[in-house]
Amino acid sequence: MTYTFLIVLLVLNSLVLIAAVLLQSGKGGGLSANFGGASSSSDSFVGTRQAATLLTRITWWGGGIFLVLAYVLQIMGTRSRVPTSVLDPLSRQNSSAPAAPAPATNAAPAVPLTPINPTPKAPAAPPTKTPPK
């Protein structure tokens with residue numbers, strides 16, 4: 001609710017800001033004055049202090065409000081999302097359907113049924129050779 005309200009405020013503020021910038025009269029000079037253009041005096045380079053009109057005040061306040069609203073919306077947008085893992089869809093898929101038990105078969109068990117003799121056996125004696133007759 002508040003996120004949508006702030007979005008609407010940001011859009012309205014941007015429309016007012018666009019109108020205020022477009023309604024202002026040009027100050028003249030522009031970039032050409034900074035690089036030795038028509039009016040390259042020190043006043044045009046640094047800029048002279050002029051009386052702030054209503055449109056310049058609206059522009060400055062609108063720009064400040066726009067930046068604050070954009071920053072707040074950016075913070076609200078990142079905190080509402082919970083980071084997810086790539087493996088989340090797989091875990092949801094496995095947890096939704098319980099695993100069926102394996103059917104009983106007559107397969108041989110993996111573990112031997114007779115215990116293994118823990119005592120080592122002595123090596124068998126080598127066969128004795130009998131001389132041929």
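The values are calculated or read from the model by the stated rules, or taken from the named source; none is laboratory data. For clarity, every value in this text was computed on a predicted model and none was experimentally measured. Cβ atoms come from the backbone with ideal geometry, glycine included; neighbour counts cover every protein chain shown. Side chains are part of the model used for accessible areas, which takes the heavy atoms of the whole protein and leaves out ligands, DNA and RNA. Shrake-Rupley method; radii C 1.70, N 1.55, O 1.52, S 1.80 Å.
Brief remarks on what is shown
- Residues (modelled with pLDDT of 75 or more and surrounded by 11 or more Cβ atoms within 10 Å (Cβ to Cβ)) located in the range 24-53: Gln24, Thr53
Conditions tested, residue by residue: (1) assigned to a helix (DSSP H, G or I); (2) open to solvent by 60 Å² or more (accessible area, probe 1.4 Å); (3) under 13 Å from Leu17 (Cβ atoms); (4) at pLDDT below 70.
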position: Thr59; (1), (2), (3), (4): yes, no, yes, no
position: Leu69; (1), (2), (3), (4): yes, no, yes, no
position: Leu73; (1), (2), (3), (4): yes, no, no, no
position: Thr78; (1), (2), (3), (4): yes, yes, no, no
position: Pro83; (1), (2), (3), (4): no, yes, no, yes
position: Pro89; (1), (2), (3), (4): yes, yes, no, no
position: Asn94; (1), (2), (3), (4): yes, yes, no, yes
position: Pro98; (1), (2), (3), (4): no, yes, no, yes
